[in-house]
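The values are calculated or read from the model by the stated rules, or taken from the named source; none is laboratory data. Computed from a predicted model, the values in this text were never measured in an experiment. Positions of Cβ are backbone-derived with ideal geometry, glycine not excepted, and every protein chain shown enters the neighbour counts. Keep in mind that these areas ignore ligands, DNA and RNA; they rest on the heavy atoms of the full protein, side chains included. Shrake-Rupley method; radii C 1.70, N 1.55, O 1.52, S 1.80 Å.
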Amino acid sequence: MTTDFSKNAVERPEPSRAEVKGNVPTWLQGTLLRNGPGIFSVGETSYDHWFDGMAIMHSFAFKDGEVTHRSRFLRGDTYKANMAANRIVVSEMGTMAYPDPSKNFIVKAITFLNHTVPDFTDNGASNFIKYGNDYFATSETNYIRKIDPVTLETQDKVDYLKYLPVNLASSHPHYDKDGNAYNFGTSIAEKGKTKYTLFKVPAASEKDKGKNALALKNVEVVCTVPCRSMLTPSYYHSFGMTENYFIFIEQPLKLDILRMATAYMRGVNWASCLKFCPEENTLIHLIDRKTGKEVETKYYTGAMIVYHHVNAFEDDGHVIFDVIAYKDNSLYDMFYLSKLKENPGFHDEAYSKPSYRRFALPIHSDKGIAVGEDLVKLKYTTACAVKEKEGKLKCQAEVLCEGFELPRINYDFNGKRQRFVYGNCVEESALSKQISKFDTETKEMVYWSEDNCWPSEPVFIPRPNGESEDDGVVLASVINSNPGQSCFILVLDGKTFKEVARAYVNTELHKDMHGFFIPQ
């Protein structure tokens, strides 16, 4: 059995009770939101890339052992414009939208101008972000869309550019214990400089409670990192955070701004303006949270592509951070819908599987240490950082495992040393049929899978007052392509990784991107 990833979803906005098999723990009270592409064709037109599809949001509400599901399309400006025209009129990263051939010259000229200085989409189909008391559907453009986390209704459109100069922003912020959010954005050619901006969105203050105040209004810039080349900033999807530091990876996967400006005219999509430069190094920026300045040491490693950071922590004068890394950028190409149709099982020769890599950055000064010496003094990792010349360290990672993606941890351990990671097994293909729990200490992996089932990114929910790091449950939505069977939300025991319950929903679920759990 295969599943058709280009089929348009159907929304189910009314809450509907799922049929529970097994026992959902009664302490599990809250809502899991999932987000991903859901509409791939409008009228006679279709998107070329799976990531471009218009967003559908799903919610699974857990209360007293019962589960309620609903789903809704994100009704942003992109959705409204496409639906009104009955064709795709808003361009996405992998799909360039051209005006209806019957339209007049004026419309074509306006469309052309809009693409020279691209006004990006507000189709937030990648993740959810919490700023203050509000939840937003997000992709990586300057637009995010506020949503009602209960009904999934689409609310205000928010433009980052009104509050700080970022044209692009990551869809994986970090949150501290006080509810402050931290995120990275790219400022393109702002006052003649291209830079990466780290910003903090403060938690909702007492005086704003109950008011309809946007937390982004109080945004603070923590620091900026100059881009190594003005017209080709690096692409990034996430970053790392410890108690005292932020880790930002400037990788040789770059957006060529000039080529993006001419892409429409040249009849190519914006994704073709992303270029991987394997001959270049990857720079690792370590930023001190207290001072907002980069540490003096320059860290770098060989060319790699990272979408997801796993976690980072500090130990004995080192910052250790874990990432999922690729050796090239073939992953994006695998999600063109023509590719997915060709290869529904997705065994592609071009697939380069990711590796789970651990880096160790010595923070102390390298003065008095000979060139060629490894500064990493930790016993439990083979990661090294070799001194080159004064203030420059070449880092080599330890590979903990292969073929693992969409990593999630117990977020209570974010920025601290954690042991367990939950994720999707992508050993043979970027489309996962298995989820797993990985023990970073023993390197053991335990799995969950079922025939003809495609599980989403697994999300760990800690049990209140849990006794250990893995005391909790893991939730994953599962596409079930077995005939006559429904899709379901899966509940696994965080420790044993054995199934404790599943809740069958009376609708189709779809391959999605990321999720966010809101505890009740």
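Spread over its residues, the convex hull of the C-alpha atoms of the chain is 157 Å³ per residue. Bridgeable aspartates and glutamates around LYS437 (alpha carbons under 15 Å apart, same-chain partners fewer than 8 residues away excluded): GLU402, GLU405, GLU427, GLU457, GLU469, ASP470, ASP471, ASP493, GLU499.
Think of the chain as a dipole: +1 on every Lys or Arg Cβ, -1 on every Asp or Glu Cβ, centred on the Cα centre; then among THR442, GLY76, PRO173, GLY76 lies furthest on the positive end. Cα to Cα, under 20 Å, and not fewer than 8 places away if on the same chain: which lysines meet these conditions relative to LYS103? Answer for LYS103, where 20 Å is the Cα cut-off: LYS80, listed by chain and number.
The alpha carbon centroids of region 231-287 and region 417-466 are separated by 28 Å.
If you take the square roots of the eigenvalues of the alpha-carbon gyration tensor of region 422-520 and sort them as a ≥ b ≥ c, do you get rounded (a/c under 1.5), prolate (a/b over b/c) or oblate? Because a/c hits 1.5 or more and a/b fails to exceed b/c, region 422-520 counts as oblate. For the peptides 374-383, 502-511, the ranking by mean Cβ contacts within 10 Å, running from highest to lowest, is 502-511, 374-383.
Considering only VAL24, VAL222, THR3, and ranking their Cα positions along the charge dipole of the chain that arises from unit charges at the beta-carbon of Lys, Arg, Asp and Glu, the one farthest toward the positive end is VAL222.
A protection proxy built from the mean count of other Cβ atoms within 10 Å ranks the segments 488-497, 182-191, 122-131, most packed first, as 122-131, 488-497, 182-191. Give the lysines whose C-alpha is closer than 27 Å to that of LYS191, dropping any in the same chain fewer than 8 places away, or say none. By straight Cα distance, LYS191 reaches LYS157, LYS162, LYS200, LYS217, LYS254, LYS275, LYS290, LYS293, LYS298.
Using C-alpha pairs under 8 Å with a sequence gap of at least 6, the mean separation divided by the residue count of region 12-519 gives a relative contact order of 12 percent. The residues of the chain expose, per residue, 42 Å² of accessible area to a 1.4 Å probe.
Atom-type composition of the exposed protein surface of the chain places 51 percent of the accessible area on carbon and sulfur (1.4 angstrom probe). State the answer as a single residue: which of GLN418, SER365, PRO462 lies farthest towards the positive end of the charge dipole of region 309-466, with beta carbon charges of +1 for Lys and Arg and -1 for Asp and Glu, about the Cα centre. Final value for the positive-end residue is SER365.
With a/c under 1.5 counting as rounded, go ahead and sort region 192-334 into rounded, prolate or oblate using the C-alpha gyration tensor (a ≥ b ≥ c being the square roots of the eigenvalues; past the cut-off, prolate if a/b is larger than b/c, else oblate). Oblate is the answer for region 192-334, as a/c is 1.5 or above yet b/c matches or exceeds a/b. Put a plus charge on the Cβ of each Lys and Arg, a minus charge on the Cβ of each Asp and Glu, and nothing anywhere else: the dipole of the chain about its Cα centre is then about 1140 debye.
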